[in-house]
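Take a look at the structure set out below.
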């Protein structure tokens, strides 16, 4: 799989602290997750979490039913090494979100910062949304962050799709109610600024 090989090369040749999407703390994501009102016993999946520090922040906040899914074994290994003993509280999945079979209605909350905008084909996006529909409980929450309309045209050498809040919500459709959206100006380790949008949805009961 070309995309898997790409991300393995990225994490094999760059420190997790030097990639453009690195955050010392995922403050905006943590705040939105906490705003759902879900208890610390909630089941949360971070899609494309890789070496992200979101999992550290969630563990620190007391969440324990956590899953991280990523294409890159190297990225997952970096997160596990960083967490040490704390890594045992996390389920680690090396998989492609557009083809993985996740357990049905297993998650109270789905989080994705910067995976969805790499899905440049309609087929990939439809497969992603089908995975969300399958894996998130009725009444569960979906938080997805992508490059905004004024964000970068590519990332890590790959093309991306930029979104307005309305455009991003339209990809998911009527089974999901858009509760709010926010912007983020992400400052990369190299000093550039990337414009993101976060959409925070609820999956409606059938």
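The values are calculated or read from the model by the stated rules, or taken from the named source; none is laboratory data. All values derive from a computational prediction rather than experimental measurement. So basically every Cβ, Gly included, is an ideal-geometry build from the backbone, and we count neighbours across all protein chains shown.
Structure values in brief
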{"quantity": "Condition met for residue 11 (surrounded by 15 or more Cβ atoms within 10 Å (Cβ to Cβ), assigned to a loop (DSSP other than H, G, I, E, B) and more than 13 Å from the chain's Cα centre (by Cα))", "calculated": "no"}
{"quantity": "Odd one out for residue 78, checked against (1) in contact (Cβ under 8 Å) with a residue 60 or more places away in the chain; (2) assigned to a strand (DSSP E or B); (3) within 19 Å of residue 24 (Cα to Cα)", "calculated": "(2)"}
{"quantity": "Enumeration of residues in region 20-29 that are surrounded by fewer than 18 Cβ atoms within 10 Å (Cβ to Cβ) and at pLDDT 70 or above", "calculated": "24, 25, 27"}
{"quantity": "Checking residue 97 against (1) part of a loop (DSSP other than H, G, I, E, B); (2) buried (at least 18 other Cβ atoms within 10 Å of the Cβ); (3) out of contact with any strand residue (DSSP E or B) (no Cβ under 9 Å at 6 or more places or on another chain), the condition it does not meet", "calculated": "(3)"}
{"quantity": "Those residues of region 31-55 which are buried (at least 18 other Cβ atoms within 10 Å of the Cβ) and part of a helix (DSSP H, G or I), in sequence order", "calculated": "32, 33, 54, 55"}
{"quantity": "Criterion (surrounded by 15 or more Cβ atoms within 10 Å (Cβ to Cβ), without any contact (Cβ under 8 Å) to a residue 40 or more places away in the chain, in contact with a strand residue (DSSP E or B) (Cβ under 7 Å, 6 or more places away or on another chain) and outside any strand (DSSP E or B)) met by exactly one of 169, 117", "calculated": "169"}
{"quantity": "Residue match in region 176-186 (condition: out of contact with any strand residue (DSSP E or B) (no Cβ under 7 Å at 6 or more places or on another chain), farther than 21 Å from residue 136 by Cβ and free of Cβ contacts under 8 Å to residues at least 40 places away in the same chain)", "calculated": "no"}
{"quantity": "Residue match in region 83-94 (condition: within 28 Å of residue 173 (Cα to Cα), surrounded by fewer than 21 Cβ atoms within 10 Å (Cβ to Cβ) and touching a residue at least 24 places away in the same chain (Cβ under 8 Å))", "calculated": "yes"}
{"quantity": "Criterion: over 15 Å from residue 176 (Cβ atoms) and surrounded by fewer than 21 Cβ atoms within 10 Å (Cβ to Cβ) - qualifying residue of 58, 102, 76, 69", "calculated": "102"}
{"quantity": "Candidate set: region 132-158, residues that are touching a strand residue (DSSP E or B) at 6+ places or on another chain (Cβ under 8 Å) and assigned to a loop (DSSP other than H, G, I, E, B); chosen: the one surrounded by the fewest Cβ atoms within 10 Å (Cβ to Cβ)", "calculated": "153"}
{"quantity": "Lone unmet requirement of (1) closer than 26 Å to residue 25 by Cβ; (2) over 16 Å from the mean Cα position of the chain (by Cα) for residue 164", "calculated": "(1)"}
{"quantity": "Yes/no for residue 109 being in contact with a helix residue (DSSP H, G or I) (Cβ under 8 Å, 6 or more places away or on another chain), closer than 18 Å to residue 50 by Cα, modelled with pLDDT of 95 or more and not in a strand (DSSP E or B)", "calculated": "no"}
